[in-house]
Structure formats: C-alpha cells, structure tokens
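Right, one structure below, let's go through it.
Derivation of every value follows stated rules applied to the coordinates shown; laboratory data play no part. Nothing here was measured: the structure is a model prediction, and the numbers come from that model. Backbone-built Cβ (ideal geometry, glycine too); neighbour counts: all protein chains shown.
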Amino acid sequence: MLKTQYLIVGGGIAGTTAAETIRQNDTNGIITIVSDEPHRLYSRIMLSKANFFLGKSPFDSVWMKTPEWYKENHIELILGKFAVACDTIKKSIELNDGTQIQFEKLLLSLGGHARKWPADNGEKTGIFYLRTLDDAKGAMVAIKKAKRAVCIGGGFTSFEMCDMLKLAGVETTVIIRESYFWQPVLDEPSGKIIEKAVESAGIKIIHESAVKKILGEKNVTGIQLENGDEIPCDMIIVGIGITTDCEWVEKSGISINRGVLANEYLETNIENIWTAGDCAKFNDLLLDEYILLGNWANAQNQGKIAGLNMVGKKQAFQMVSSFSSHGFGLHIAFTGDVRSENREVIKRGSPESNSYGRIIIDDHDEIVGATFINMAKDLIPTAKLIEKEIKVLSIRKQLEDANQDLSKI
C-alpha cells in the first residue's frame with residue numbers, strides 16, 4: 001500500500017493549486033495527485049478559444065505546469081487512473097487498477113465530466129465533447145476537413161464553438177431544446193441579442209427541438225430531428241453541461257447532494273477530508289446557501305483555500321464568482337447568483353442598443369448576481385457590490401442608469 005500525507009484526487013486546476021499551496025506552506029509533507037487524465041495540468045479554458053483551437057497559437061501554450069515542476073516540488077503525479085472507493089475509517093483510497101493509497105488528509109477535486117448526450121450511442125465517429133484535451137485534439141483535426149457541423153446545446157460550449165466553426169468556414173446548425181439561447185439563465189431579450197448576432201454570421205438555430213437519430217454507418221453523415229427533418233453534417237459537437245461521478249464517494253459515507261457537500265472551509269462531514277472545484281457544493285457565506293459553481297476561477301481559488309485549510313491555516317472560502325464569453329462581436333458576462341425566478345431584476349441599457357444588463361436583487365434588497373451583454377466595464381464593480389452586501393434602495397437610480405459608472409458607487 002502506498003502512503004502519503006496529502007492525497008489529492010483530481011489533477012485539474014483545483015487539485016494542482018491545492019498541491020502548490022500545500023507545498024508553499026509545508027516543505028516536507030508527501031503530496032500525491034491522482035488524475036484520471038493522461039496529462040499534467042493544462043488550461044481547460046484554452047480548449048474553446050479560437051487561436052488555440054484553430055492552430056494559430058502553439059499547442060504547447062496549453063500546458064500550465066511542466067513535468068519538472070512536479071519533480072522540483074516533490075509532488076507525485078499518478079496519471080490515467082481514477083478512484084473507485086474510499087475507506088474513511090482506514091483513511092485509504094482504492095484506484096481502478098487495485099492500487100491502495102493511505103492518506104492523512106484527502107482532497108476531493110474531482111472536477112466534472114461532459115454530460116453524455118442521449119442520442120450518442122458511441123458507435124459513430126465524428127461526435128465530439130470539449131471537456132478534455134483529448135476531446136479537443138480530435139475536434140481540432142476534424143474541423144480542418146469538415147464542411148458541415150451541428151452543435152447540440154444552447155450554452156457556452158455551443159456559442160463559442162459556433163464562433164470557431166464560422167471562422168473555420170464550416171456551415172453550422174445549432175439544435176437547442178429551449179425557445180432561446182441560454183434559457184432560463186438569461187431572459188428572452190438577452191437571448192435574442194445573442195441569437196441575432198449568431199444568425200447574422202450565417203449560423204442556423206433550430207429551437208425547441210431534439211435529435212431522434214444520428215445518420216451514417218461508421219462516420220456521422222447527418223442527424224434526424226424528432227419532427228423527421230434531416231440535417232447533413234460531418235461532425236457533431238455536444239455541449240449540454242457537466243456531471244460529476246460521486247457514487248463511489250457517497251458509498252464511503254461522505255455527504256453528497258448533486259456534488260460533494262462542504263462547509264465554508266470546504267470541509268466535508270468526514271474529518272480530514274476536503275473538496276474543491278466543480279464537484280464541491282459548498283456553503284456560500286455571501287448567498288447563505290449551498291451552491292455548485294462550475295468555473296475555472298472558482299476552482300482555482302477553492303483549491304488555494306482547501307490547500308491552506310489542509311495545512312491548518314483555517315480560512316473560509318468567500319468569492320463572488322464571475323465568468324465571461326466572447327464571440328460574434330459580443331461580450332457576455334455573468335457574476336454571482338444569476339437565478340432570477342421570483343426575484344426583482346433591475347435592467348441597465350436596452351436590447352435595442354445591443355448593450356443590456358440585468359442586476360438581480362434578493363429578498364433582503366441586496367444584489368446577488370447580474371448578467372451583462374456588451375457591458376464589460378460593469379462586471380467587476382457589480383461583483384464588488386455583491387461582496388459588500390450594499391442595500392439597493394440607496395443606489396437604485398445609479399443601477400438603472402447605464403451611463404452611471406458603477407465603480408464610483
């Protein structure tokens with residue numbers, strides 16, 4: 001049985017940042033990272049960026065750590081293996097090859113996997129997910145020869161991939177179940193701004209529809225929709241969200257609820273076991289509820305806080321999450337909790353001006369989140385207003401006035 005002081009399951013940005021933080025504070029402790037991917041840390045963000053995806057920037061720019069970095073920091077990196085069981089009494093993890101690793105402290109930074117598309121039976125080539133580097137490699141090769149593509153889903157992946165497919169000269173159709181892009185995260189006017197830009201670039205959007213059948217024998221040649229319509233294509237790109245494999249974690253007695261449950265210190269219900277990143281459902285002190293946040297910046301910061309707590313430097317995780325996307329001449333940004341159902345929404349700008357924001361207010365008259373289209377300057381100031389928990393009553397006029405500089409509030 002292998003033995004380690006700090007065991008990190010997951011080699012992505014959360015797990016690697018935790019390992020780096022631990023090493024900065026404990027120069028002697030044994031650190032082991034287990035990653036289900038065959039690669040060291042790389043930038044998942046770059047996978048959907050045009051310069052990288054279309055081969056305009058060097059492939060090696062995707063790497064965030066060199067092999068030497070792990071050796072210099074005395075971090076053992078186990079690649080291409082994954083955990084299948086955890087014994088919280090014996091404090092050990094079992095890997096898929098039967099390897100047993102005993103730990104003193106454990107971090108679960110499991111990340112997320114691309115949600116499986118129900119229509120994908122795995123028998124045809126030409127279907128791509130963009131969650132891992134190997135996913136991206138396959139799609140990067142296919143896009144050079146493709147003439148027609150279909151994107152499945154109405155979120156970030158489809159939006160950014162449509163932009164890249166357009167740049168590559170590939171005729172593209174998007175299939176979404178919703179009545180507009182990013183429903184229900186955005187309101188309809190926001191979604192229509194995005195769709196107008198996408199359709200103006202020559203992308204076809206088919207709403208409230210789903211694929212009944214994938215055409216072709218070995219290779220994808222097209223799709224058949226539920227209404228019988230057929231659309232020819234050489235490749236299909238699927239972006240319908242992520243999911244985390246927590247079944248083996250739950251069997252160990254660690255509390256699970258769509259993610260690994262944790263308090264504000266990212267501690268699970270089991271002593272000396274923490275969680276961080278896309279799999280962590282943690283107690284958000286700002287929102288006063290348990291939430292899952294699947295984005296890069298959040299995972300990186302949670303990894304840092306988890307690492308500090310694992311070396312005994314008690315620190316709560318408190319961060320207003322923000323993320324953005326670019327494409328078709330648009331800048332789309334979200335910050336905080338963007339759920340708007342049964343909440344007041346203050347609007348900035350207008351859909352007609354192509355510059356439109358929504359600031360979301362909770363029952364305590366405080367800002368909890370916001371969405372912005374082509375209002376990039378408002379993102380950081382709004383995140384700060386969320387963090388400071390300022391009452392809206394005194395600043396409502398400034399929030400409603402798109403000409404008001406929110407950084408001066």
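General observations
- A protection proxy built from the mean count of other Cβ atoms within 10 Å ranks the segments 26-36, 71-81, most packed first, as 26-36, 71-81.
- Relative contact order computed over the chain (Cα-Cα under 8 Å; 6+ residues apart), in percent: 15
- Residue exposure proxy: PHE53, PHE82, ordered by other Cβ atoms within 10 angstrom of their Cβ from fewest to most, comes out as PHE82, PHE53.
- Shape class for segment 20-122: oblate, because the ratio a/c of the largest to smallest gyration tensor axis (alpha-carbon atoms, square roots of eigenvalues) is 1.5 or more and b/c is at least a/b.
- Ranked list, fewest to most other Cβ atoms within 10 Å of each Cβ, for LEU393, LEU54: LEU393, LEU54
- Placing pseudo-labels 7 Å out from each Cα toward the beta carbon at GLU230 and SER43 gives an inter-label distance of 4.3 nm.
- Expected 222 nm ellipticity per residue - DSSP helices of 4 or more, -39500 (n - 2.57), all of the chain, to 500: -6500 deg cm²/dmol
- Rounded D (µm²/s) - segment 114-238, Kirkwood Rh over Cα pairs, Stokes-Einstein at 10 °C, 1.306 mPa s: 109
- Segment 337-377 residues near the modelled SER407 label - backbone nitrogen below 16 Å, point 7 Å along Cα→Cβ: 375-377
- The largest-to-smallest principal axis extents of the Cα set in segment 273-359 are 53, 30, 18 Å.
- Projected label distance in nm at ILE270 and GLU123, using a 7 Å step from Cα toward the beta-carbon: 4.0
- Residue-wise HN-Hα couplings along segment 353-359, as the Karplus relation 6.51 cos²θ - 1.76 cosθ + 1.60 with θ = phi - 60° gives them from phi, are 7, 6, 9, 8, x, 10, 10 Hz; Gly and Pro carry x.
- Modelled FRET efficiency - R0 30 Å, GLN5 with GLU387, Cβ distances, 0.05 increments: 0.30
- Taking amide hydrogens as placed 1.01 Å from N in the peptide plane, the amide H of TYR290 sits under 5 Å from those of ASP284, each at least 5 positions away in sequence or on another chain.
- For the Cα trace of segment 158-312, dividing Rg by the Kirkwood Rh returns an Rg/Rh value of 1.10.
- Taking the Cα centre of the chain as origin and assigning +1 to Lys and Arg Cβ atoms and -1 to Asp and Glu Cβ atoms, the resulting dipole is close to 920 debye.
- Shape call, segment 71-188: gyration tensor on alpha carbons, a/c limit 1.5: prolate
- Centre-to-centre, using Cα atoms only, segment 156-174 and segment 225-247 are separated by 14 Å.
- Among the trypsin sites (Lys or Arg not before Pro) in segment 84-143, those located in a DSSP loop and surrounded by at most 15 other Cβ atoms within 10 Å of their own Cβ are LYS90, ARG115, LYS116.
- Built amide H within the under 5 Å cut-off of GLY29, gap 5+: none
- Antiparallel content of DSSP bridges confined to the chain, in %, to 5: 55
- Gain on full stretching of the segment that runs from SER394 to ALA201 - 0.36 nm per residue minus C-alpha separation: 65.3 nm
- A straight line joining the Cα centroids of segment 359-409 and segment 254-313 runs 26 Å.
- Pairs beyond 24 Å (Cα-Cα), from LYS145/LYS218; LYS90/LYS251; LYS81/LYS218: LYS81/LYS218
- Gyration tensor (alpha-carbon) shape descriptor, segment 322-408, a/c threshold 1.5: prolate
- Here the extension length gained between ASP97 and GLU178 equals 25.0 nm, from 0.36 nm per residue of separation less the Cα-Cα distance.
- 3J(HN,Hα) along segment 27-36, derived from phi through the Karplus expression 6.51 cos²θ - 1.76 cosθ + 1.60 where θ = phi - 60°, amounts to 7, 10, x, 7, 10, 10, 10, 10, 10, 7 Hz, with x in place of Gly and Pro.
- Backbone phi angles across segment 176-183, fed through the Karplus curve with coefficients 6.51, -1.76 and 1.60 (θ = phi - 60°), yield HN-Hα couplings of 10, 6, 7, 8, 7, 4, 6, 6 Hz in residue order; Gly and Pro are listed as x.
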